[in-house]
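Chemist: Here you go, one structure.
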Amino acid sequence: MPGAVTKPTARWWEPFLALTGELRLITTENDYQNIMQLTSCHMGPRLGPMTDAVNLWSSEQHAAQYLVRADTIPHRVAGETARLEWIPRRPVRVLDLGSGDGRLLSAVVGARGAVDAVALDFSPTMLARLRARFAGHTNVSVVAHDMETPLPAALGTFDTIVSSFAIHHLPHRRKRMLYEEIFERLMPGGVFCNLEHVASATPALHRLFLAQLDVRPEDEDPSNKLLDVHEQLMWLREIGFVDVDCHWKWRELALLSGRRADAT
Ligand SMILES: C[S@@+](CC[C@H](N)C(=O)[O-])C[C@H]1O[C@@H](n2cnc3c(N)ncnc32)[C@H](O)[C@@H]1O
């Protein structure tokens, strides 16, 4: 998300595996810079380098910086309001993927009553925020899980699966697999609603988007792996979702939704 800007500091790159002709552990910032240059392919328009290998969201600093700026993202509230229209009036079980501090899940539970809800994230900072926010809410469980790996079977099924500005941190291949897993987790008639950061059509439009957010191109979050709306809608249809559409969009922020057909 462009609202979370973390300058590479300390030795955070060490855990990242990346492709440099051979598979090996990145050990220096130089390695990191080389890999960023080498792997900036097949992503949406981007002014700086982008790589599948980087996801800074497990860093406390990265998560904390986002939370400070989360409310300042332009038109965010309009997207969130539009999203609520696509969430069932009386959801039974809701899953929020990449919950952050739980702002979306809180809004859903607040608007729709005491549904059984699961907040999922992998950032220790966000998980601590989630546990604090939902302490005493017996209907909300907090699950630590890295979405780079398949959703845990123990999650069960849901009539509503939501996500907000999170799935674009996964490599494209994993995004598609996750969409398939989401479909499998939806009960017949269930809804998937993803308020997402998507790719601009051109580098010039991407530059304008960053300017709107007051983010310098060199400060763009290297965890972003942006993909255009069209490709994602096609995937959802191919997977079997029905009523797939982009219901709201402002520049790189888009509300994508589809549902699993009712049982026949
Ligand atoms: C831009 S924040 C959005 C948070 C929240 N959904 C919101 O709208 O404020 C991205 C969230 O995705 C989570 N995230 C990123 N990569 C993830 C991964 N591989 N597995 C689980 N969560 C991830 C981050 O920890 C963070 O909470």
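The values are calculated or read from the model by the stated rules, or taken from the named source; none is laboratory data. Given the structure is predicted, the values throughout are model-derived calculations rather than measurements. Here the Cβ is made from the backbone with ideal geometry for all residues, glycine too, and neighbour counts use every protein chain on show.
Chemist: Step by step: first the residues of region 112-156, then only those that are of a type in the set (Val, Ile, Thr) and surrounded by 15 or more Cβ atoms within 10 Å (Cβ to Cβ), then the one that is modelled with the lowest pLDDT. Which residue is that?
Modeler: Out of the qualifying residues, it is Val115.
Chemist: OK, next. Which of the residues belonging to region 83-105 are away from the ligand (no atom under 14 Å from the Cβ) and either among the aromatic types (Phe, Trp, Tyr) or part of a helix (DSSP H, G or I) (or both)?
Modeler: Those that are away from the ligand (no atom under 14 Å from the Cβ) and either among the aromatic types (Phe, Trp, Tyr) or part of a helix (DSSP H, G or I) (or both): Glu85, Trp86.
Chemist: Can you pull out every residue in region 121-146 that is within 19 Å of Phe158 (Cβ to Cβ), touching a helix residue (DSSP H, G or I) at 6+ places or on another chain (Cβ under 6 Å) and among the small types (Gly, Ala, Ser)?
Modeler: Ala144
Chemist: Would you mind finding the one in Asp31, Asp52 that is away from the ligand (no atom under 11 Å from the Cβ), crowded, with 17+ Cβ neighbours inside 10 Å, modelled with pLDDT under 90 and farther than 28 Å from Ala211 by Cα?
Modeler: Asp31
Chemist: Which condition does Tyr179 not pass, out of (1) outside any helix (DSSP H, G or I); (2) crowded, with 20+ Cβ neighbours inside 10 Å, if it passes all the others?
Modeler: (1)
Chemist: Considering region 92-107 alone, what residues qualify as being crowded, with 21+ Cβ neighbours inside 10 Å and within 22 Å of Tyr66 (Cα to Cα)?
Modeler: The answer is Leu95, Asp96, Leu97, Gly98, Ser99, Gly100, Asp101, Gly102, Leu104, Leu105.
Chemist: Suppose we filter region 106-120 for residues that are near the ligand (Cβ under 10 Å from one of its atoms) and in contact with a helix residue (DSSP H, G or I) (Cβ under 6 Å, 6 or more places away or on another chain); how many remain?
Modeler: 1
Chemist: Against the definition (within 20 Å of Glu181 (Cα to Cα) and either within 14 Å of the ligand (Cβ to nearest atom) or modelled with pLDDT under 95 (or both)), how does His75 come out, yes or no?
Modeler: no
Each row is one residue, and each column tells you yes or no for (1) part of a loop (DSSP other than H, G, I, E, B); (2) surrounded by fewer than 20 Cβ atoms within 10 Å (Cβ to Cβ); (3) modelled with pLDDT of 95 or more.
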| position | (1), (2), (3) |
| --- | --- |
| Cys193 | no, no, yes |
| Ala201 | yes, yes, yes |
| Asp214 | yes, yes, no |
| Trp248 | no, no, yes |
| Leu256 | no, no, yes |
| Ala261 | yes, yes, yes |
| Thr264 | yes, yes, no |
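Chemist: Leu210 - would you say it is in a loop (DSSP other than H, G, I, E, B), more than 19 Å from Leu95 (Cα to Cα), at pLDDT 95 or above and of a type in the set (A, V, I, L, M)?
Modeler: Taking the combined requirement at face value, the residue does not satisfy it.
Chemist: Related question: What's the total number of residues in region 135-170 that are assigned to a loop (DSSP other than H, G, I, E, B), within 14 Å of the ligand (Cβ to nearest atom) and more than 17 Å from the chain's Cα centre (by Cα)?
Modeler: The total comes to 1.
Chemist: Now, a different point. Name the residues in region 206-264 that are touching a Cys at 6+ places or on another chain (Cβ under 7 Å) and either farther than 19 Å from Pro188 by Cα or free of Cβ contacts under 8 Å to residues at least 40 places away in the same chain (or both), would you?
Modeler: Hits for region 206-264 are Val229, Leu233, Ala254, Leu255.
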